[in-house]
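Worksheet: the structure to be examined is printed underneath.
No value in this document is a laboratory result; all are computed from the given coordinates. Computed from a predicted structure; not experimentally measured. All Cβ positions, glycine included, derive from the backbone under ideal geometry; neighbour counts span all protein chains shown.
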Amino acid sequence: MNDRAPNPLEGQTTDRATDRVVDPATPPAPSIDQIESRIAHDLARHALYVAPVAIIGVGLWRGVPAGAAVALAFALVIANFIAAAWVLGWVARNSPDLLMGAAMMSFLIRLVLLSVIGVLIKEADVVDWPVFCVALVASYLGLLFWEMRSISLSLASPGLKPKPHEHSGVGG
């Protein structure tokens, strides 16, 4: 069943559900459902590319505790990104008016939680502490800068940039 009715005056169609005129040459808007989750999972995927190389490289250079520190840092960074996406997604779907406040409070809570985990790791002396700190900051910033290449800064296609095969239009 076609949800669009022809508009004889302009050669365009009208969406019957919304009664809005739609230009057939304009591709449909991408789904914005769970943008934050897709970005967080893309960050995690990038981390899984880099983490094994970093863990093995640092482990060979500074020993097993240093390799474990890098592994723990990557795990915390991935968990932090996924937690942020979960909180922002949940608030955006349930109470969008609270999104900015929830983003700030979530950030502060996660920052305190990472600090507490860091202090506990230092006190337990289970990994190479300086390597853990450097790996935590470097992986966090490195993944964010890497992800900047994948993010669309357009409201027409929010979230990750569409891949060339996802475009509908000329050239099929």
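Observations on the structure shown:
- Under the convention that each Lys and Arg Cβ holds +1 and each Asp and Glu Cβ holds -1, the size of the dipole of the range 35-149 around its Cα centre is about 180 debye.
- Translational diffusion of the range 35-149 was estimated from the Stokes-Einstein equation, with Rh taken as the Kirkwood radius over Cα pairs; at 4 °C and 1.567 mPa s the coefficient is 87 µm²/s.
- Multiplying the residue separation of Gln34 and Ala138 by 0.36 nm and removing their Cα-Cα distance gives an extension gain of 34.8 nm.
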